[in-house]
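Novice: Have a look at the structure that comes next, please.
Please treat every number below as a calculation from the coordinates, not as lab data. Predicted, not measured: the structure shown is a model, and the values here were computed from it. Cβ atoms come from the backbone with ideal geometry, glycine included; neighbour counts cover every protein chain shown.
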């Protein structure tokens, strides 16, 4: 917490606003980056996010031990038990009450004589731009998805891209409707479409738009936005462990670091240590995706038929989820007992960086996409919704580090056949382009590391951002 006893002069003071737990990791990593450059950072998080943080002792302690990073909390007007995903009215409540309480928090900094130099927010809190304007404080939008998604959303908002016609979007060749983020399609709920529009408008209000990517990864897309709303990549905002700088942290864990979780992590690494280099298929679909029984059956059969070792992080549905999750059959578990390992949790960072991993089968969320790029691991993408279809297009056709599963017209919506999963495994590991995919993955890994090094493209953009803030603070 910020205290009056802190006597160290801090010329620049940046407020980072987080309203959802899912967006905490990129913001915290950006906070650490700014703090390393002697910028005083306050993370303003909702009380709901605070409750989650208090259960993640390692993450919270590590952040608060940094003298340049403080935490402050404000209410979004809803109780901790309220399901924020179920009600469309929630968005209006969140904006109205959160804006009022954040404004009150900002006022306290004036009384403490710790003037704010800038306020940073993400696309799910576009109202923060209006709060910043009311207080006369410069603001920045930290786009926590691909710069390509920012380009598509903004062009769609400005009627520069029509999903019902042939689409041209710089940097994404042969863009099809199936490649678009689901948030721009007619099936998207009205409140989500409004959120996308509000985010586009907030980008125009912001003094800076920063991206969780790096220039070398999305060069053409980034350049194409200069004439519209420039976006400056400052990433990848990933765990330092993936960049070879420290041990893996607990940021990606869904819960506290209990002994059983640590034992599961150690068990996974010990099992990987016994496998041949570049032999294991790693499968994980993140914290949100819930697989149906048919999806699980087809994937498991394909893994068994491949004859290759695999590690599958199959997480149970979130508490309160209304979707039924499938289960692995006893026969599959018994037949693959010597070849595979199924767990409910593992440290994705440690797994992806392990020499035994040959490829990663993922849903294609942007965090996982960045992590596989930075790890130099080829990918099989099985997208479902939001930004995942576009990320799949990027990984397969633009970055050229993997393949995307194809859904045939005869298949149930969202279900990929066993044969298609087998095809993808074969193509990534043994196909004509397998060696080129691996080479490209290693090239992007090197480029990502260089981008964050002193003088790298992202480091330069961060320094420019700090310089701009400093100039406005004089």
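Novice: Assuming 0.36 nm per residue, please report the length gained on full extension of the stretch residue 278 to residue 97 beyond their Cα-Cα distance.
Specialist: 60.1 nm
Novice: Could you work out the relative contact order of segment 256-449, using alpha carbon pairs under 8 angstrom and six or more residues apart, expressed as a whole percent?
Specialist: Working: 317 pairs, mean separation 43.5, N = 194.
Dividing the mean separation by the residue count of segment 256-449 yields 22 percent.
Novice: I need the peptides 369-376, 304-311 ranked by packing, meaning the mean over residues of other C-beta atoms within 10 angstrom, with the highest value on top.
Specialist: Details: 369-376: 25.4, 304-311: 17.4.
For the peptides 369-376, 304-311, the packing ranking is 369-376, 304-311.
Novice: Take the Cβ-Cβ distance between residue 436 and residue 135 as r, set R0 to 45 Å, and report the resulting FRET efficiency rounded to the nearest 0.05. Spell out each step's value before the answer.
Specialist: On the way: r = 52 Å, r/R0 = 1.15.
The value I calculate is 0.30.
Novice: Determine, from the Cβ-Cβ distance of residue 418 and residue 335 and an R0 of 22 Å, the FRET efficiency 1/(1 + (r/R0)^6), rounded to the nearest 0.05. Please report the intermediate quantities before stating the final value.
Specialist: Working: r = 15 Å, r/R0 = 0.67.
E between residue 418 and residue 335, to the nearest 0.05, is 0.90.
Novice: Here's a follow-up. Would you list 115, 315 from fewest to most Cβ contacts within 10 Å?
Specialist: Values: 115 13, 315 19.
Going from least to most buried by this count: 115, 315.
Novice: Oh, and also: Order of 348-354, 204-210, 337-343 by packing, highest average Cβ count within 10 Å first?
Specialist: For the peptides 348-354, 204-210, 337-343, the packing ranking is 348-354, 204-210, 337-343.
Novice: Another question, if that's okay. For a protection proxy built on the mean count of beta-carbon atoms within 10 angstrom, sort 432-444, 288-300 highest first, please. Don't jump to the answer; show the numbers that get you there.
Specialist: Values: 432-444: 16.3, 288-300: 19.2.
Result, highest mean first: 288-300, 432-444.
Novice: Assuming 0.36 nm per residue, please report the length gained on full extension of the stretch residue 220 to residue 344 beyond their Cα-Cα distance. Could you put the intermediate results ahead of the total?
Specialist: Working: separation 124, 0.36 × 124 = 44.64 nm, distance 3.87 nm.
Length difference between fully extended and current span is 40.8 nm.
Novice: While we're on this one: Measuring from centroid to centroid over Cα atoms, what is the spacing of segment 369-390 and segment 208-233 in Å?
Specialist: 19 Å
Novice: So for the pair residue 229, residue 454, with labels modelled 7 Å out along Cα→Cβ, what separation do we get in nm?
Specialist: 3.5 nm
Novice: Can I ask one more? Rounded to the nearest 0.05, what FRET efficiency do residue 165 and residue 197 give with R0 = 22 Å and r taken as the Cβ-Cβ distance? Could you check? Present the calculation step by step, with values, prior to reporting the outcome.
Specialist: Values: r = 20 Å, r/R0 = 0.90.
With a Förster radius of 22 Å, E is 0.65.
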